[in-house]
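Trainee: Pasting in a structure now, in structure tokens, and then I'll have a few things to ask.
The values are calculated or read from the model by the stated rules, or taken from the named source; none is laboratory data. Here the structure is a predicted model, which means the values were calculated and not measured. A quick note on method: Cβ atoms are made from the backbone with ideal geometry, for glycine too, and the neighbour counts reach across all protein chains shown. Ligands, DNA and RNA are stripped out before the accessible areas are found, and what is left, the full protein with its side chains, is counted by its heavy atoms. Shrake-Rupley method; radii C 1.70, N 1.55, O 1.52, S 1.80 Å.
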Amino acid sequence: MFKKAIKTTNRTQISGKDKKTIKKDLERFFNPDAVKDFLDSNEVIYCDKVSGGKQLIFSNEVNPLLVDATGKGDYLPSLYTLCLHPNLCNFVEINPGVESFVLKGANLMWAGVKPDQDLGQFEADDVRYVKSSEGKIIAVGAMACSSKELAKNGAQGPALIPLHIIGDKLWELGNQIEPEPYKKSEKEEPKQQQEAKASKSEKKDNEEQEDEEEEKGEEGKKKKKDKEKKKKKKVESEEEEVDDNDVDDLAAYMGIAPKKSGGGPPKRKPEPKVVTQKAKEPEVFSDEEDGNKKKGKKKGKAAATTPVSYTHLTLPTIYSVQISVVAVSLKKKTENKA
């Protein structure tokens, strides 16, 4: 359609009234929400008449936006507009390798259309754009048949007739750069929507803050519990040390082991190993043996005594040995008196 150079004349800026008329005409064939976004994003629109024809081209200061093929409201969005507002109309996705034929201006055949895609309901001459296998918008045109005819005749023959492709003369009227999809700015959104978004964002922030405080509270409780456990273990350890000190004091009081000096709980030192002769257990004598023993003492034959060391014994053993020695001494004193 746009294979030849385009010459335009009589550029004029459309009025608000004309803009409303264009909006009504576009909403008959295209997505109303996308139409609104499209017009809101282009506050200033110019109309250029093509020399030697009835065609009208609507542009902003950079790129062509729409083409009215008959001058009577038969609008075709440019590829610049579709790249920014892809929801204006539906699309047809093609198979790999078909892109080169479409870019040369050839009709898109049903054999080149990607199978198993939902094309929905459509009529002949409905505007749809062509999307490559890589997801790029490469052309826009009119459907060659309706969905009913497709169901009746099957997928054969032409599917779409390209009217505007990347690289043609209409494309060359713009900056020839593929724009990114359009996103609303805060200025273009209604005040109520802005307030609703702000309220939603504030609510989300408050929820996140509450979650953080709750997590901190749980962490604080956990730390407090750990601290109490450590404190309890420390107290139990100190109690064990105090019990050991009390035992040392008792032993010192009984004369069994010297009391350790120095402030605070004394540290236990390793006891020296003493190699001594094993102490003989006290013998129990009969009357005759006891008399013979006395005679032996008179003759000067004293029984040999062996020193006993108690340092290598545990505390209960020391108590029992001490009591045994005291008992034997008392028995001997009693016998001597007798």
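Trainee: Going by accessible area, probe 1.4 Å, with all protein chains left in place, what is the ranking of ARG11, ARG128, largest first?
Mentor: The residues order as ARG11, ARG128, largest area first.
Trainee: I would also like to ask the following. If the limit is 18 Å between Cα atoms, which of LYS7/LYS49; LYS72/LYS104; LYS23/LYS72 go over it?
Mentor: Those over the limit are LYS72/LYS104.
Trainee: Arrange the peptides 155-162, 24-31 so that the one whose residues have, on average, the most other Cβ atoms within 10 Å appears first.
Mentor: 155-162, 24-31
Trainee: Shifting gears a bit: Compute the Cα gyration tensor for the stretch 13-168, then decide on rounded, prolate or oblate, letting a ≥ b ≥ c be the square roots of its eigenvalues: rounded whenever a/c is under 1.5, prolate when a/b is larger than b/c in the other cases, and oblate in all that remain.
Mentor: The shape class here is prolate.
Trainee: Out of the chymotrypsin sites (Phe, Trp or Tyr not before Pro) in the stretch 74-173, which ones are loop residues according to DSSP with at most 15 other C-beta atoms within 10 Å?
Mentor: none
Trainee: Of all GluC sites (Glu not before Pro) in the stretch 69-133, which ones are in loop regions per DSSP and have a Cβ with at most 16 other Cβ atoms within 10 Å?
Mentor: The qualifying sites are GLU123.
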